[in-house]
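Read the structure below first, then the notes.
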Amino acid sequence: MARGTVGAAHCPTAGKIDELIREIEDEGERKRDGDPVAGVEKILSQDPFEPPTRVTKRSPKPLFHVASKEERDDLVSGFLAFQTQYQIASEALRRVCHRPP
């Protein structure tokens, strides 16, 4: 046995660990719907500068990462208020500093 490793055969919960690993692997297979995992060869053969060849199943990224809908609503309303104030200030500045072309 290599230094720093523990033999699972000597562990009283080795059977439980094996069972948990099988459950996790089975759950992963169910979530992939039979879609095989890309192997090392496939990953290394891909060009990192090319776009994906298939459409991803993911939704678009969120505007804000928050813990609850209320927090997101607060951030969105605050951002919209900021945008409004920014537009007002920008228009006022353009009126004052208007230079003909």
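The values are calculated or read from the model by the stated rules, or taken from the named source; none is laboratory data. This structure is a prediction, so every number in the text was calculated from the model and none was measured. Neighbour counts are summed over all protein chains in view; Cβ atoms, including those assigned to glycine, are modelled from backbone coordinates with ideal geometry.
Would you check if ILE24 is under 22 Å from the mean Cα position of the chain (by Cα) and either of a type in the set (S, T, N, Q) or modelled with pLDDT of 85 or more (or both)?
It is true that ILE24 is under 22 Å from the mean Cα position of the chain (by Cα) and either of a type in the set (S, T, N, Q) or modelled with pLDDT of 85 or more (or both).
Going through region 76-101 one residue at a time, which ones are part of a helix (DSSP H, G or I) and either in contact with a Cys (Cβ under 9 Å, 6 or more places away or on another chain) or not hydrophobic (A, V, I, L, M, F, W, C) (or both)?
Selection gives SER77, GLY78, GLN83, THR84, GLN85, TYR86, GLN87, SER90, GLU91, ARG94, ARG95.
Can you tell me which residue among ASP73, ASP47 is at pLDDT 85 or above and not in a helix (DSSP H, G or I)?
ASP47
Pairs needed: first member in region 62-75, free of Cβ contacts under 8 Å to residues at least 24 places away in the same chain; second member anywhere, β-branched (Val, Ile, Thr) and not in a helix (DSSP H, G or I); C-beta distance under 6 Å; at least 6 residues apart or different chains.
ARG72/VAL66
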